[in-house]
Structures are given as C-alpha cells and as structure tokens.
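> Got a structure here, written out as structure tokens. Questions coming.
Read the figures in this text as sums done on the coordinates, not as results from a lab. Quick caveat: nothing in here was measured; it's all calculated off a predicted structure. As a convention, Cβ positions derive from the backbone with ideal geometry for all residues, glycine included, and neighbour counts pool all protein chains shown.
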Amino acid sequence: EAGVAQSPRYKIIEKRQSVAFWCNPISGHATLYWYQQILGQGPKLLIQFQNNGVVDDSQLPKDRFSAERLKGVDSTLKIQPAKLEDSAVYLCASSLISRSGSYNEQFFGPGTRLTVL
Amino acid sequence: GIQVEQSPPDLILQEGANSTLRCNFSDSVNNLQWFHQNPWGQLINLFYIPSGTKQNGRLSATTVATERYSLLYISSSQTTDSGVYFCAARDTGRRALTFGSGTRLQVQP
C-alpha cells in the first residue's frame, strides 16, 4: 500500500515570495491533515479536512496561509507572502474514519522542508 | 486543549542498553501514537495504543489511560534506533493529534 506522498521535498525561497506544497493521502483516507514542524519542536496542526470540507483551521494563519482539497483527495497548502518564521517542515498526514465516526491511526508523509531567506 | 509532556528530553545510551521513554497527557484520550522521526525527518509509526500493551520486536509500549501516561520501552538498543521519539495524543474533543516535544535518543556504538 502506497504511503502519503508529498512534493516538493525541499524548497528555498526569499521572504515575501509565495510557495505551494502538494499532498496525496493514502487511498481511501477521508481525513487529511497539514502540520507545521519548527526545528526542535513537535508538529503542530495547521488545518484538517474531512473529504473536501474543513474540520479545523483554528491554528492556520489565514492572512498568509491557505489550503484546499477540492475533490476530497489531493490537497495543496499555500503561503503568500512567506516570512522568515515560516521556515519549517510541512507534514501532511491522513487517516481513515471508522464506521462509528471515530478517527483512526494517522500516517505521515515525508514532509517538505521550507527555508525562507 | 490537551497537554502532552515527554521525558527525558535527551537520552544517550550505549549499544545494547535498555531504555524507557515516558509520555504524560493532561486529559482523556481516544488516540495515542508513538513515532520515531529519523534523521531525514520522516515520522515512522511505531504504535497506535490508546490503551493496553503492544509489542513489536525490540519495542513495546504500554498506555494506562486512567492514569494518563504511556511508556515506550526499547530493549537491546542499536545505533539505528537513534533519532527523536514523539508521543502524540488526541483527546475526545479534538480530531487532530497534539504532539509532545520529543525525546532525542542517541545510541553510541
């Protein structure tokens, strides 16, 4: 079974530029998450989708970050304009939803390492 | 929201030694996972263990949900076990995982 796919793996941009990350979850996983991991810290949730609807975006800096999952499969996370403090690894994860509606084990992609100069 | 604390923050072992990593959480959970983050940044699933005990080779984990902690045991450690170990929990009111700050493990030959 293929895992969560992400691209690109690395990106270097200058501040005020824009950047986009792509994620393809595990086949059949209805729930998709984007996390931000700053060096030396644990990942922190940015946004969660169930199918193509947003479940939780309370931690997403909406003045500069946006995300979409138009067909309930792939997702794109965009930053515009980027700031120095956005330098981090951006991780995508996915999980199944059980018949009871509970959320199961999450699986993570390899991440995109963003450096903002 | 739920708070997740891990200890110790750093651990240095000689190859072959055993270790115990601890994860405390502040609220009831319906999901608890342990991950190993390798040097390339990939989060590798070790255990999905909201309660009870599981074993996988040299690794085992126990979660005592009523006392709000989980333990990860590593036996006969190898240099390839080096990296950061994260505990992450989801409380009953939130759908995403909250991560601890990790335990950085270094296994020396």
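> Given an 8 Å cut-off on Cα distances and at least 6 residues of separation, report the relative contact order of chain B as a percent.
38 percent
> Which of A:GLU14, A:GLU68, A:GLU105 moves the most in a Gaussian network model of chain A with Cα springs under 10 Å?
A:GLU105
> Another question about this same structure. Measuring from label point to label point, each 7 Å out along Cα→Cβ, what is the A:TRP22 to A:VAL54 span in nm?
Calculated label separation equals 2.3 nm.
> What distance in nm lies between label points placed 7 Å from Cα along the C-beta direction at A:THR76 and B:ASN24?
Spacing of the two 7 Å Cα→Cβ label points: 4.6 nm.
> Rounded, prolate or oblate for the stretch B:4-108? Axes are the square roots of the Cα gyration tensor eigenvalues, ordered a ≥ b ≥ c, and the cut-off for rounded is a/c under 1.5.
Judged from the Cα gyration tensor, the stretch B:4-108 comes out prolate (a/c at least 1.5, a/b above b/c).
> Would you work out which of B:GLN106, A:SER27, B:ILE49 lies farthest towards the positive end of the dipole of the protein assembly as shown, given +1 charges on the beta-carbon of Lys and Arg and -1 on that of Asp and Glu, about the Cα centre?
Selected residue: A:SER27.
> To continue, here is another question. What's the center-to-center distance, using Cα atoms, between the stretch A:39-71 and the stretch B:42-109 in Å?
24 Å
> Sticking with this one: Residue by residue through B:43-52, how many Cβ atoms from other chains fall within 10 Å of the Cβ on average?
3
> Measure up A:LYS15/A:LYS44; A:LYS15/A:LYS71; A:LYS44/A:LYS78; A:LYS15/A:LYS78 against 20 Å on the Cα-Cα distance and list the ones that go over.
The answer is A:LYS15/A:LYS44; A:LYS15/A:LYS71.
> Just to confirm a number: summing +1 for Lys and Arg and -1 for Asp and Glu over residues other than A:GLY111 whose beta-carbon lies under 12 angstrom from that of A:GLY111, what do you get?
With Lys, Arg at +1 and Asp, Glu at -1, the net is +3.
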